[in-house]
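Read the structure below first, then the notes.
The values are calculated or read from the model by the stated rules, or taken from the named source; none is laboratory data. This structure is a prediction, so every number in the text was calculated from the model and none was measured. In this analysis, Cβ positions are derived from the backbone assuming ideal geometry, glycine residues included, and neighbour counts consider all displayed protein chains.
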Amino acid sequence: MLLGDSMLTTRYHLSTIVAIFFALGIGILLGGSLGQQWLSERQQALVERLEKRYEEVQDRRHQLEKRISTLQTELMVGRRQNRELLRTAVRDQLEGRRILLLGGDRKVAESLSEIIRWAGGSVSRASDLAGMPGETDAILLLEGDSDEWRSGVMKRIQEGLPIPVIVQVVNQKPRKPSPSGEIPVYSFAGEIDDHPLDAFELIRMLHNSIIGKEEPAHEVQTGG
């Protein structure tokens with residue numbers, strides 16, 4: 001009985017140990033399989049969230065591009081309307097008048113020349129007074145050239161030109177007094193290109209200065 005009991009006890013322990021290892025093996029297998037499945041599900045969820053976010057960003061970008069396109073179209077329409085309004089507003093303001101443009105940026109000069117022609121005037125452009133036509137009703141000195149160049153032009157004007165002179169002073173810097181004194185001139189402190197209201201004010205100033213209704217509004221000094 002003692003030997004049988006011992007054998008049963010040994011078999012019981014062996015069976016228990018085998019059962020334990022078997023259970024561990026099954027647990028490892030099941031755990032690994034479930035763990036991989038869990039990781040796969042998490043990765044899939046992350047990918048789906050990223051794809052959704054990407055689609056949202058793309059949709060937002062398309063909406064912004066559409067809005068920008070709409071605004072650009074509205075801007076172009078507004079500019080065309082402004083040009084037509086300006087053309088109507090300045091009509092006949094400079095009928096038969098001859099305007100000389102001095103200096104300035106080529107693009108600005110071309111834009112202003114077009115507006116002056118809308119007003120019925122004719123335009124000449126020169127780099128200095130030596131190129132001034134014989135009959136000129138007004139001189140417009142554009143912004144953009146050096147103070148030294150402007151000083152030379154204004155000194156020539158001071159010598160005796162019996163016609164109105166309008167000086168654009170958008171970016172004019174303070175100047176020191178010149179020994180030759182100051183010249184009262186018409187001052188235009190505004191932009192021209194793509195600024196219809198400023199352009200209208202300039203045409204009105206040209207018109208009034210030519211017919212003597214505009215008083216000099218500013219004194220531009222001849223010295224640099």
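Per-structure values
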read-out: From R106, R79, residue being farther than 26 Å from G152 by Cβ and modelled with pLDDT under 90; value: R79
read-out: Residue in the stretch 82-96 that is in contact with a Pro (Cβ under 8 Å, 6 or more places away or on another chain), modelled with pLDDT of 60 or more and of a type in the set (A, V, I, L, M, F, W, C) present; value: yes
read-out: Residues of the stretch 188-204 classified as outside any helix (DSSP H, G or I) and either within 18 Å of the chain's Cα centre (by Cα) or farther than 16 Å from V167 by Cα (or both), total; value: 5
read-out: Candidate set: the stretch 60-83, residues that are surrounded by 11 or more Cβ atoms within 10 Å (Cβ to Cβ) and not basic (K, R); chosen: the one nearest to S122 (Cα to Cα); value: N82
read-out: Inter-residue pairs, beta-carbon under 6 Å, first assigned by TED's automatic domain parsing to the domain that holds Y186 and in the stretch 136-153, second at pLDDT 80 or above and assigned to a helix (DSSP H, G or I), 6+ apart; value: D137/I210; A138/L206; A138/I210
